[in-house]
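Below: one structure, written as structure tokens.
The values are calculated or read from the model by the stated rules, or taken from the named source; none is laboratory data. A quick note: this is a predicted structure, and the numbers were derived from the prediction, not measured. Methodologically, a virtual Cβ is constructed for each residue, glycine included, from the backbone with ideal geometry; neighbour enumeration extends over all protein chains shown.
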Amino acid sequence: MVAAAGLRVVRCGGSPLHGARAVFSADARLLLCTAGDFVKVYSAATEELVRLLRGHSGLVTGVGLNPHNCLQLYSCSLDGSIKLWDFTDGILIKTFTVGYKLLALYALDSCEDSVFVIIPKRGERDTFQLVSVKLTKTAGQDVEAKEFSVVLEGVDASPKCTAFGREGEYVASVKNFHLQVYFFKRKQLNRFSLRATNAKGGNNLFTCVACHPKEDCIATGHADGKIRLWRNFYHNKEYVFSTMHWHHDRVMDLSFSIEGTSLLSGGVEAVLVQWHNGSDCKKDFLPRLGSAIEYISVSSDGTLYCTLHTDNRITIINSNLRFSKSIQGLIRARDVKTGLVVDPRTKALVLNGEAGHLQFYCLQSDKQLYSLDIVQQEYIQQAGLNQTDLVKVAFSAQGKWLATVEEREEEPDLELHLKLWFFDEETQSFKLNTQISMPHDDHITAMCFRDMDELEDDSLILVTAGKDCLFKVWVILEDTDPEAQQSLSWSCDFVGSYHNYQATNCCFSEDGSLLAVSFEETVTVWDSSTWDLKCTFCHPPGKIRDICFGRLTCSKYLIGATDHGFLCCWNLLSCALEWSAHLNVVILQPDPLSEHIAAVSWLSKESSLFVFKPNEPRPICIQRNLCQEKIQCAAFVPRDVPETVGSEKYVWLRRSQLYLLTDAQELMTFSTKSPEERLTVSSKQLAVEESLPVTPFSLLLGKHRHQQSQGDTDLTKVVRNHHEQDSPAVKELLHTPAHVLPSASFLCPIFINSLLISKEKKSAEEVADEVEMESEEAEEDSDEEKDVTEMEQENTKSMDLLGEITCKLSKAEEKELRKVRKMDYSWISAF
Amino acid sequence: MAAAAAACGGEAAARPPLAFSPCDRRLLAVSGSDGRLRVWEAAGSRLRHEYVPSAHLSAACTCLAWAPPGGRPPPDKDGPQRKKRKSEAAEADKQLDILAIGTAVGSILLYSTVKGELQSKLDGGHDNRINCVRWHQDNYCLYSCSEDKHIVEWNTQTCKVKCKWKGDNSSVSSLCISPDGKMLLSAGRTIKLWDLETKEVYRHFTGHATSVSSLMFTTVKPMNENKSFDGITGLYFLSGAIHDRLLSVWQIRSDRKEKNAVMSFTVTDEPTFIDLTVSEVKEEPVKLAVVCRDGQLHLFEHILNGYCKKPLTSNCTIQIATPGNDGDSTPKPVPILAAAFCTDKQSLLLVYGNTLQPIIEKVSLNTSESHICLIRDVQKVLALKTEVAVTKVKTPVVNSDTKVLVPGIPGHSAAVKTPSSGKEKNKSKRKPGEPEDSIEERLGALDIDVSKVKTPGGLPQTDSFAVLLVQGLESNDSDILNKVLNTRKETLIKNTVARMPIHAVIPLLHELTKRLQGNPYSASQMVRWLKSVFTLHASYLSTLPDLIPQLGMLYQLMESRVKTLQKLSRLHGRLFLLVTQVAASETVQDVTEVNQTAKLVYEDESSEEEGSDDEMIADKDSDENWDEDEEKEEQSDEQDMTVEKEINGDSDLEPENESEEE
């Protein structure tokens, strides 16, 4: 049914979210942030992805709301274009081609039709300039924007290092040890410099800059954690600055609150600091935000703050510094040493997360399920400190056991712990069963469980291979000691070695009867019941990089990849080489549900994928040039329901889905479907028209605002307009000379009548009240309010539906409208 | 393809309405008794978000339904093609968004779970409590039925009533749309099948005494393929009613003879939540999960093929209880709130606990057992969650009963087995001695030795320690052993070890090993003993054929303990050996003197013995000889060993053991 469409590489997670400052929409409901080549629109209330704006072909480096239309967004990218989006509907409105790499974008209220961008200076490397680009209003989707003027030379490439001051009067930019301020009106450039180090040895390097929104004040952050507030910087000499110091390391970003009363700062400590009134003594903290803060942004109504973190996490914070929401996709780990592992229980992808944690990443929802604190040590943020980190993870077939290896390397010592966790169904959490310190004397290179579904605990076997030239076999033993509190624990059953070579890989055959352990150049195959060495294979001179057994019908084959660029397939029955191919394989990944094996090769800056069955040397599917980056690890994730795949070529995608993680920690997968079918969010939503009834509260409060802001069919507006100017009654009343007017007593009821709303419905006493009123203006106002309160009463009395109230109201109003229109003003013409 | 999720709102529902998201069952919407709507993630049972309708107290939520994910044009194709499309929709990652909420006052709210805000409000259709809402799977029509006897078809795009008709003479309590989307089942007390185009009754089904609370189609196409399929004839559907412990299955037949239910399933209490897997193949059984008011879950597996008189009982019953082992409580049942089949039809999502904070767990199906009781510590599961956490960190349980293996503890490592012969030789050299050669030589001496061991009874002063030690080792009396082994005097230890019978050496070593693994303080004490045992009895040890298994653990222990400052400890060991040898060669006379005294003691002992025969004297002689022999051999052995060591560069027992003292 699916046409034999080509295989497409789909990026499905982990794109860096911290390319630029995030932006809140005007009503603070949506959060817009860059994510790789896309702009993501999140709902600030639910953490859900609402829209994905795709169109850029390079990394998006800046976003900014169109100051003249708050429903539009500018985005700039390394592909040299500025795009204008309607982000609520996800529509690309315009593309302005600039032609330079754009590194930052600033859209200002004061500039009518231009935005400021940072571009590299032509002909000079690593020199950047701030320019203003004129965005012409010509019609058409694609517009050239070649008209630009240089504002500042020699600015830093980072968007954090340039900021625009109050009402766009000046621009401040920092680079190295200099702060330069350019005043647009006076065309004056002031430069201020600091010495590289101060007396106390602090580093005065500027890291970021922010401008006060109301006053002439510039805040700068420094590499030693100081924040300086600069004032009176019109004068080259008589400027002053005050210093505030809390951060112990580099200030990563600064941001003023909307009114400028407080300043927010963040750094590697993962603490958001709020400084009040620019003083050092009064500050509030929001600690434990998880990881270093990269950017801070503030919503335009001041209710929400947003911090972007270096590990791709977005935190939304209330203005009273209460944590509100956190958007976490694939957390960026410093190094994915564990590889990609699939948790059989939750079908989540498991890999390194925060330091010492395992993250469980849900592929369907692109969200972190949870993060499991394995190391359980406080993370201390300090440069040069070696932290304990996870290096190996393995799950048993049913997900009942989890084995983790953590190591901490402090030259020349190595700290290693192998932990075996048992999933306790009662409490629905993992429970530590056995902790083994220094299981090997050197780094552990591989670890695997014997994957046997049908077998019970006692046949569960874990194998670890280490650089200490040993591989160890761990088994579960029933504890005979009556004092022991738990009956089952793990212990070493067998230690094997081969010619004192380092053990590099290990894996079990599908039925669990054979264990293959590679020792540098040789693959040894062991009988898993007697631990006898059965046979050895090698393909000199290459060292074995990866091995795996074939599955199902191909279980008699053993596949190995050598670092001399050979892929070998050995037959276990004949103990002979079946075939070999010249291929620089970096990853060998067997599909657990089929015979297929995926091999990812890396050759001259491009990764390619080969899918083959071990029984034939010809690959089933070749996908060249997946990406420019090196693929770090891969995993087959079983599908819940087998997919219908049309082409024979993509049969390997039927039972499981292949996920690849690149060096840049972007997750990729393959799809045979056309992009339209894959579209997750945009345009395919159920288009439900927003039709919300007015709540009693909004009736009370919102009505006045409504009157002022919106015209159209709103009745009250009509009434007001009516008596102000448009109404013939009022017009005639005002324009008719006083001496020809009839007596006031004659005019008054007519005039009042023309102002009244739904007179018929009111009780007699209310009318009487109205008549008594003297001031016409006051009367009108109070009348309206009464109207509303009356509605309220009705509401509470009858417990009617809200919608019905509005219905009634509108009916009554319509009647009134008609009545007003029919009003007889003939008396005027009579004169 | 799994059926659409069921929300069994039923009137007077003690259980609040809840609904699983269609297709992949990733989300669960629950309207709690406090009127708040909460959306939970099935994986990890985490609260996604919470919504409080503005009129949640006056207009309580009565039923929930998720809109089908993704949008597509209205269908104009028939059965099989449509089926394919449906399975494809399950694959694509369509975002779930709209949730329809029926209220007690007759309005329906459409809530966007992505934006977290109310999208629209459908008003003017009903003037009484909504009993059931159902989305049409293809064209985004919404059907609702109410206490006011009417069924309303809504256009959700414009939020207007498309059609409204009287559904029953009493209240309409449940709705279900046929798999092809052209028919609608409604139920009050009788079940009616409506043609959606003409809004006319197509069939009647009567049989329930009380009002029907749930309706569901169980098949998508008829089982006998030989007849032409018009989209509805031949299909089975399921109905459950309040206060009724029987679930009925009906068949829509062409001959209009459906007076009675085709078959029925019996459960223990009124069904509150039903989910089933729709069988697409004839041979595939329909799997049915029924949650009852009493909190039990019943699983049925049945191939639907026509009439069955006897009510069917469940294949498997699942209950959940607290462990109740923490002293205070007996196990308490935990009510199951809902259950849904996962897309693979092999596992079940169970929702249990409190409606305010339900726990969602995936359980793989195993219907071989007829009754399963899952023990879940609800308190602890809930305690793992924090209210609003910045990060989603879960801390796994680490308690004191964890087994900790450090190097040297048994189980940390096993003897290295190497396949190559060269390595094997290497390893055999690691332990001193060639048992095959020496065993014959020693045999006679050993015999004598054994006989000698029996004799010592109550020996005076210095020897009494050796005797005590032997007695302690034999009786495994920890008091005696403590008394002996806690001695600090170097000479006393040496003498005791020298005088202890040979056969007690191995038990002593075992005892020492056990103590070495324990308290580090006592371990340092044991090291002195070990040192003297190895210096004095190395020759005997080297004769043992099973030395490697006997002392392997001790060897590993020492090996791991001396890993720090390895070179230094080796040097120290060698120097020590050298010094002792030099000292030994200088004090040969001394040693003989010691033997002399021993002889004297022996005479004392013999004088104490009643039957001192000639035999004994002869024994004595041989004993003396033996002693001297041993002394000599020991020296030579030691020399051998040092040579060996220097050749191999291999670490040995004594030096390392020595170094440990530092």
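Quickly run through the range A:351-372 and pick out the residues that are closer than 19 Å to residue A:292 by Cα and either at pLDDT below 85 or more than 7 Å from chain B (Cβ to nearest Cβ) (or both).
A:352, A:353, A:354, A:355, A:356, A:358, A:359
Please enumerate the residues belonging to the range A:262-278 that are assigned to a loop (DSSP other than H, G, I, E, B) and at pLDDT 90 or above. It would help to see each step written out before you state the result.
Applying the first criterion (assigned to a loop (DSSP other than H, G, I, E, B)) to the range A:262-278 yields A:268-271, A:277-278.
A:271, the sole residue that qualifies.
Within the range B:327-370, restricting attention to residues that are without any contact (Cβ under 8 Å) to a residue 40 or more places away in the chain and among the small types (Gly, Ala, Ser), which residue is surrounded by the fewest Cβ atoms within 10 Å (Cβ to Cβ)?
That would be B:327.
Identify, please: which residue in the range A:23-53 is charged (D, E, K, R) and in contact with a His (Cβ under 9 Å, 6 or more places away or on another chain) and is, among those, farthest from residue A:160 (Cα to Cα)? Steps first, please.
Residues of the range A:23-53 charged (D, E, K, R): A:27, A:29, A:37, A:40, A:47-48, A:51.
Subsequent filtering for residues that are in contact with a His (Cβ under 9 Å, 6 or more places away or on another chain) retains A:37, A:47-48.
Details: A:37: 20, A:47: 25, A:48: 27 Å.
If we take residues in the range A:23-53 being charged (D, E, K, R) and in contact with a His (Cβ under 9 Å, 6 or more places away or on another chain), then A:48 is farthest from residue A:160 (Cα to Cα).
Anything in the range A:171-190 that is under 15 Å from residue A:220 (Cα atoms) and crowded, with 18+ Cβ neighbours inside 10 Å? List them, or say none.
Taking the range A:171-190 and keeping what is under 15 Å from residue A:220 (Cα atoms), we get A:171-181.
Within the range A:171-190, A:171, A:172, A:173, A:174, A:175, A:179, A:180, A:181 meet the criteria.
Could you check, for the range A:254-261, whether at least one of its residues is among the charged types (D, E, K, R) and in contact with a His (Cβ under 8 Å, 6 or more places away or on another chain)?
no
Sort out which residues of the range A:510-531 are hydroxyl-bearing (Ser, Thr, Tyr) and under 20 Å from residue A:551 (Cβ atoms), and write them in order of number.
Let us first name the residues in the range A:510-531 that are hydroxyl-bearing (Ser, Thr, Tyr), namely A:513, A:518, A:522, A:524, A:528-530.
A:513, A:518, A:528 - these are the residues of the range A:510-531 that are hydroxyl-bearing (Ser, Thr, Tyr) and under 20 Å from residue A:551 (Cβ atoms).
Just for strands (runs of 3 or more DSSP E) wholly inside the range A:112-168: which have at least 2 residues that are surrounded by fewer than 19 Cβ atoms within 10 Å (Cβ to Cβ), assigned by the TED database to the domain that holds residue A:219 and modelled with pLDDT under 90?
In the range A:112-168, no matching strands (runs of 3 or more DSSP E) lie anywhere.
Pick from the range A:437-453 the residues that are part of a strand (DSSP E or B) and farther than 23 Å from residue A:344 by Cβ: which of them is farthest from the other protein chains (Cβ to nearest Cβ)?
A:445
Here are A:148, A:183: which of them is within 33 Å of the chain's Cα centre (by Cα) and among the aromatic types (Phe, Trp, Tyr)? If you could, list the steps in order and put the result at the bottom.
Numbers: A:183 fails: within 33 Å of the chain's Cα centre (by Cα).
Matching residue, one of A:148, A:183: A:148.
Does the range A:602-612 contain at least one residue that is part of a loop (DSSP other than H, G, I, E, B) and buried (at least 21 other Cβ atoms within 10 Å of the Cβ)?
Of the residues in the range A:602-612, the ones part of a loop (DSSP other than H, G, I, E, B) are A:604-605.
Subsequent filtering for residues that are buried (at least 21 other Cβ atoms within 10 Å of the Cβ) retains none.
Scanning the range A:602-612, I find no residue that is part of a loop (DSSP other than H, G, I, E, B) and buried (at least 21 other Cβ atoms within 10 Å of the Cβ), so the answer is no.
Looking at the range A:272-309, which of its residues are among the β-branched types (Val, Ile, Thr) and within 14 Å of chain B (Cβ to nearest Cβ)? Let's see the steps before the verdict.
First, the residues of the range A:272-309 that are among the β-branched types (Val, Ile, Thr): A:273, A:293, A:296, A:298, A:303, A:307.
Passing the criteria: A:293, A:307.
Looking at (1) within 21 Å of residue B:172 (Cα to Cα); (2) modelled with pLDDT of 80 or more, find the lone condition where residue B:6 falls short.
In the conditions (1) within 21 Å of residue B:172 (Cα to Cα); (2) modelled with pLDDT of 80 or more, residue B:6 misses (2) alone.
Scan the range B:171-185 for residues that are farther than 20 Å from residue B:221 by Cα and either in contact with a helix residue (DSSP H, G or I) (Cβ under 6 Å, 6 or more places away or on another chain) or buried (at least 24 other Cβ atoms within 10 Å of the Cβ) (or both) and jot them down. Reasoning before the result, please.
Here is the first cut: in the range B:171-185, the ones farther than 20 Å from residue B:221 by Cα are B:171-174.
Selection gives B:172, B:173, B:174.
Name the residues in the range A:426-437 that are over 30 Å from residue B:319 (Cβ atoms) and either basic (Lys, Arg) or surrounded by fewer than 21 Cβ atoms within 10 Å (Cβ to Cβ) (or both), would you?
Result: A:435, A:437.
Quick one: how many residues across the range A:23-47 are under 12 Å from the mean Cα position of the chain (by Cα), surrounded by fewer than 22 Cβ atoms within 10 Å (Cβ to Cβ) and not in a strand (DSSP E or B)?
Here is the first cut: in the range A:23-47, the residues under 12 Å from the mean Cα position of the chain (by Cα) are A:31-36, A:38-44, A:47.
In the following step, the residues that additionally are surrounded by fewer than 22 Cβ atoms within 10 Å (Cβ to Cβ) were identified as A:36, A:38, A:47.
Imposing the further condition that a residue be not in a strand (DSSP E or B) reduces the set to A:36, A:47.
Qualifying residue count for the region: 2.
State whether the residues of the range A:191-209 include one that is within 20 Å of residue A:117 (Cβ to Cβ) and crowded, with 22+ Cβ neighbours inside 10 Å. Let's see the steps before the verdict.
We begin by selecting, within the range A:191-209, every residue within 20 Å of residue A:117 (Cβ to Cβ); these are A:208-209.
Right, trim to crowded, with 22+ Cβ neighbours inside 10 Å and you get A:208-209.
Checking the range A:191-209: at least one residue is within 20 Å of residue A:117 (Cβ to Cβ) and crowded, with 22+ Cβ neighbours inside 10 Å.
Within the range A:621-634, does at least one residue satisfy the condition of being farther than 12 Å from residue A:600 by Cβ and buried (at least 17 other Cβ atoms within 10 Å of the Cβ)?
yes
Determine whether residue A:73 is farther than 27 Å from residue A:671 by Cα and assigned to a loop (DSSP other than H, G, I, E, B). Don't jump to the end; show me each part of the working.
Details: farther than 27 Å from residue A:671 by Cα: yes; assigned to a loop (DSSP other than H, G, I, E, B): no.
No, not satisfied.
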